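Q: This is the structure I want to talk about, given as structure tokens.
The values are calculated or read from the model by the stated rules, or taken from the named source; none is laboratory data. Here the structure is a predicted model, which is why all the values come from computation and not from measurement. Neighbour counts are summed over all protein chains in view; Cβ atoms, including those assigned to glycine, are modelled from backbone coordinates with ideal geometry. Note: areas computed on protein heavy atoms with side chains; ligands, DNA, RNA excluded. Shrake-Rupley method; radii C 1.70, N 1.55, O 1.52, S 1.80 Å.
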Amino acid sequence: MMMFDSGSVTRFFGLIAALLAYFGIHVPEDVTEAVASLAIAVLAVYAAWKNNYITKKGHEQKMAIEKVKKGEVA
């Protein structure tokens, strides 16, 4: 899966918005709000997934961290 940095994504959507405005294409406000709400929801789910030990790999990482904290692994 190819990942992009947040600056590139922001600039891309800014370019799209500028091109739409330049060519006089009006996007209704409710569509803009819906897209923004969807983006926020997706980012919230992604952040919750990445910052918790949900997967098998995550459980292994958590156990490794706990061992280091206890001093079992140098």
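Q: Which of the chymotrypsin sites (Phe, Trp or Tyr not before Pro) found in the chain are loop residues per DSSP with 12 or fewer other Cβ atoms within 10 Å of their Cβ?
A: Here the sparse-neighbourhood loop sites are 4, 23.
Q: Also: Send over a whole-number figure in Å² for the accessible area per residue of the chain, probe 1.4 Å.
A: Per-residue value: 93 Å².
Q: With viscosity set to 0.890 mPa s and temperature to 25 °C, compute the Stokes-Einstein D of the chain, Rh being the Kirkwood radius across alpha carbon pairs; µm²/s, no decimals.
A: Stokes-Einstein gives a translational diffusion coefficient of 153 µm²/s.
Q: Shifting gears a bit: For the charge dipole of the chain, defined by +1 on Lys and Arg C-beta atoms and -1 on Asp and Glu C-beta atoms about the Cα centroid, which residue among 8, 47, 37 has the Cα displaced farthest towards the positive pole?
A: Positive-end residue among those listed: 47.
Q: What is the distance, in nm, between label points placed 7 Å from the Cα along the Cα-to-Cβ direction at residue 72 and at residue 10?
A: 4.2
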